[in-house]
Amino acid sequence: MSKHYVITISRQFGSLGRAIAQKVAHKLNIEYYDRDLIEQAATILNEDMRSISPMDESIKLPFAKALFPLGIGTGSTHRRLFKVQESLIHECVAKSDCLIVGRCADYILKDYERRFNVMIYAPLEERIKNSVNTLRIPEYEVADYVKEIDKARDSYHKFFTDEKLDTLKYRDLLIDSSTMSQDDIADIIIESAQRKLKF
């Protein structure tokens, strides 16, 4: 019996990558994993979520989860969480076909044969527009938010992989989400993954 396949999706903030990823998972009828992985990791470690989660009541920033992808805890906590999250990602792939958004899954699974890694990006002006129209970030502060979140995601990726988020390493497909509809992009991802992985 062949191994399960996995599609990983990395994305720039405001590129609508999460929405596209959900469409891919829905069309393929496969498991979908996202932020919940770090919450599972924290549960396994019995960490107090308030100590690692940006959603602590003392922090009033909207989109704090995006601004603080590492959480608020110490470097050692981050590393412990990442190791557990890494194990969870391998468990997800061993259990069934799946799609994983972010969490450095492309790097973690770089040696896994049946994986297809996608990077979704878009021009800054498009991401700003999406953030206003879709994510409802106030227009007067949206440009700063997008830039700060870009920095945070870059830092997260660099912290664990020694590569910036926009690296070409481990990537099978890069796609500009501003060039066509979400459904068309989802279909391109599916067709490309099917051609590579033969499912």
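The values are calculated or read from the model by the stated rules, or taken from the named source; none is laboratory data. For clarity, every value in this text was computed on a predicted model and none was experimentally measured. Positions of Cβ are generated from backbone atoms using ideal geometry, with glycine treated the same way; all protein chains shown enter the neighbour counts. Just the protein is used for accessible areas: all its heavy atoms, side chains included, with ligands, DNA and RNA removed. Shrake-Rupley method; radii C 1.70, N 1.55, O 1.52, S 1.80 Å.
When region 1-35 is filtered for residues that are of a type in the set (Gly, Ala, Ser) and in a helix (DSSP H, G or I), the ones remaining, listed by number, are GLY17, ALA19, ALA21, ALA25. Among the residues making up region 117-152, a single one is part of a helix (DSSP H, G or I), surrounded by fewer than 21 Cβ atoms within 10 Å (Cβ to Cβ) and polar (S, T, N, Q): ASN133.
Can ILE137 be described as of a type outside the set (Phe, Trp, Tyr) and more than 21 Å from LEU174 (Cβ to Cβ)? Yes. Within region 25-40, residues that are in contact (Cβ under 8 Å) with a residue 24 or more places away in the chain and acidic (Asp, Glu) reach partners that are part of a helix (DSSP H, G or I) and open to solvent by less than 70 Å² (accessible area, probe 1.4 Å) with beta carbons closer than 9 Å, at six or more positions or on different chains, in the pairs GLU31/ALA25; GLU31/CYS92; ASP34/ALA21.
Taking the criterion of being open to solvent by 60 Å² or more (accessible area, probe 1.4 Å), in contact (Cβ under 8 Å) with a residue 24 or more places away in the chain and either out of contact with any Leu (no Cβ under 9 Å at 6 or more places or on another chain) or of a type outside the set (S, T, N, Q) (or both), the only residue of region 153-162 that qualifies is PHE159. Listed by first and then second residue, the pairs with beta-carbon distance under 8 Å, at least 6 apart or on different chains, first residue in region 170-199 and in contact (Cβ under 8 Å) with a residue 40 or more places away in the chain and under 17 Å from VAL6 (Cα atoms), second basic (Lys, Arg) and open to solvent by 60 Å² or more (accessible area, probe 1.4 Å), are TYR170/LYS110; ASP172/LYS196; ALA186/LYS23; ALA186/LYS27; ASP187/LYS27; ILE190/LYS27. Of the residues contained in region 163-186, none is found to be among the acidic types (Asp, Glu), farther than 21 Å from GLU126 by Cα and open to solvent by 70 Å² or more (accessible area, probe 1.4 Å). For region 177-199, a residue qualifies if it is within 24 Å of ILE128 (Cα to Cα) and in a loop (DSSP other than H, G, I, E, B), and the qualifying residues are SER177, SER178, THR179, MET180, SER181.
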